[in-house]
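K.L.:
I have a structure here, written as structure tokens, and I will follow up with some questions on it.
The values are calculated or read from the model by the stated rules, or taken from the named source; none is laboratory data. This structure is a prediction, so every number in the text was calculated from the model and none was measured. Note: ideal-geometry Cβ built from the backbone for every residue, glycine included; neighbour counts use all protein chains shown. Areas reflect the complete protein model, heavy atoms only, side chains present, ligands, DNA and RNA absent. Shrake-Rupley method; radii C 1.70, N 1.55, O 1.52, S 1.80 Å.
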Amino acid sequence: MIVIASDHGGYALKQELMAHLKEKGVEFEDIGTYSEASCNYPEYAERAARGVAEGKYEKGILVCGTGIGMSLAANKIPGIRCALLSDCFSAEMCRAHNNANMCALGGRVTGPELAKRMVDLFLTTEFLGGRHADPKVLVQMDTYAVGGIKPEQIHFLYAPTHLNPTYEYGVSFERGTYVDYGDRRQVFISGTA
């Protein structure tokens, strides 16, 4: 199931997108807003983004006047990769290369037919993985970009062995967090335990 949300500026386009999703048989939950009455977009972006980040929804679609405000608000939630869409190539590439789990569109700047095509591409394009799943990229996107962790705190451990818990390779491994990406690739984030 996916989530869809808008503010007043995106309400009309959201209605068009919901009709399109119903026609395509896509299950979704509309979490508001439910009219064109003025409202605050961050409230709806946050609710939708938290639902995606917590696994309640597979993906999310946000619509505001330009898409900018909703995408910025959603990307403040750890684990969210919300792409602002304005063309079909970006709709496909944000999934294929960036594994975006949410998209944002502008109801005042995007026509309904283009919006439908972009949403279809966003929902059906698979993440390619491979070089796009490099742990350095994943950590940068999912950890310090939103979590306040500095790049110098991140240490990439390929084929790690038993580490001396006090000091090895110039990094103290006593206090920190390990992130295991499988395939013998691990990341250690110092100063986070």
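K.L.:
Counting pairs of alpha carbon atoms under 8 Å apart in space and at least six apart in sequence, what relative contact order in percent does the stretch 1-141 give?
P.N.:
25 percent
K.L.:
Could you give the length gained on full extension between residue 24 and residue 113, defined as 0.36 nm per residue of separation minus the Cα-Cα distance, in nm?
P.N.:
Answer, rounded to one decimal: 30.6 nm.
K.L.:
In addition: Would you mind checking 24/56; 24/76; 14/59 for any pair whose Cα atoms are more than 23 angstrom apart?
P.N.:
Those over the limit are 24/76.
K.L.:
How long, wide and thick is the stretch 1-50, going by the Cα atoms along their three principal axes, in whole angstroms, largest first?
P.N.:
30, 23, 11
K.L.:
Leaving out ligands, DNA and RNA, and with a 1.4 Å probe, what % of the accessible surface on the stretch 1-52 is carbon or sulfur?
P.N.:
Solvent-exposed carbon and sulfur of the stretch 1-52 make up 44 percent of the total.
K.L.:
Also, I was wondering about something else. Multiplying the sequence separation of residue 34 and residue 76 by 0.36 nm and subtracting their Cα-Cα distance, what value in nm do you get?
P.N.:
Extra length available between residue 34 and residue 76 comes to 12.7 nm.
K.L.:
Same structure again: Let me have the relative contact order for the stretch 18-91, percent, based on Cα pairs under 8 Å that are six or more residues apart. Don't jump to the answer; show the numbers that get you there.
P.N.:
Values: 57 pairs, mean separation 17.6, N = 74.
Once divided by the residue count of the stretch 18-91, the mean separation gives 24 percent.
K.L.:
So, R0 is 22 Å and r is the distance between the beta-carbons of residue 128 and residue 1; what FRET efficiency does that work out to, to 0.05?
P.N.:
Once the sixth-power term is evaluated, E becomes 0.40.
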